[in-house]
1. What shape does the stretch 51-114 take by its C-alpha gyration tensor, where a ≥ b ≥ c are the square roots of the eigenvalues and a/c under 1.5 counts as rounded, a/b above b/c as prolate, and the rest as oblate?
2. Might you report the magnitude of the Cβ-based charge dipole of the chain about its Cα centre, with Lys and Arg at +1 and Asp and Glu at -1, to the nearest 20 debye?
3. Using Cα positions and a limit of under 22 Å, work out the lysines in reach of residue 89, with same-chain residues fewer than 8 apart set aside.
4. So which trypsin sites (Lys or Arg not before Pro) in the stretch 2-72 pass both tests, a DSSP loop state and at most 13 other Cβ atoms within 10 Å of the Cβ?
5. When all protein chains stay in place, what accessible area (Å², nearest 10, 1.4 Å probe) is found for residue 78?
6. Treat each spin label as a single point 7 Å out from the Cα along the C-beta direction, and report the residue 73 to residue 113 distance in nm.
7. Out of residues 5 or more away from residue 53 or on other chains, whose amide H comes under 5 Å of its own, with H placed 1.01 Å from N in the peptide plane?
8. Between residue 43 and residue 25, what is 0.36 nm times their sequence separation minus the Cα-Cα distance? Round to one decimal in nm.
Amino acid sequence: QVQLVESGGGLVQPGGSLRLSCAASGFTFRLATMSWYRQTPAKQSVMVATIDSSGTTRDYATSVKARFTISRDNNKNTVYLHMNNLIPKDAGVYYCRRPSKNLWGQGTQVVVSS
């Protein structure tokens, strides 16, 4: 079954850290560019970070550069989003996406609050 399953969301205080995981199955993960998106309160999906198939090229939204890191383990078919120094504006539902096939996971909620 072709799917993406996110995990790792939760409640964190401002300045805290979280690591999101996205487990992929049903396709050749090592050949796929992968992305993380955040759904805003206005229900818009905003690209947060993208990583190419080999992990060599990474792209970030300006608002998260130097705080977030996207990585992948092709042996585990998993892509990660390491989030540091979280701020309230980072809150939302985070989705894993395979852009080339418009494949989305079910999302994981991140709440940043004291």
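1. Prolate, because a/c is 1.5 or more and a/b exceeds b/c.
2. It comes to approximately 100 debye.
3. 43, 65
4. 43, 65
5. Per-residue accessible area (residue 78): approximately 10 Å².
6. Here the modelled spin labels are 3.2 nm apart.
7. Those lying under 5 Å, H to H, from residue 53 are 33.
8. On the way: separation 18, 0.36 × 18 = 6.48 nm, distance 2.66 nm.
Length difference between fully extended and current span is 3.8 nm.
The values are calculated or read from the model by the stated rules, or taken from the named source; none is laboratory data. Values in this document were obtained by computation on a predicted structure and should not be read as measured data. Counting neighbours? That spans all protein chains shown, and the Cβs are built from the backbone with ideal geometry, glycine included. Please note that ligands, DNA and RNA were not included when accessible areas were found on the heavy atoms of the full protein model with its side chains. Shrake-Rupley method; radii C 1.70, N 1.55, O 1.52, S 1.80 Å.
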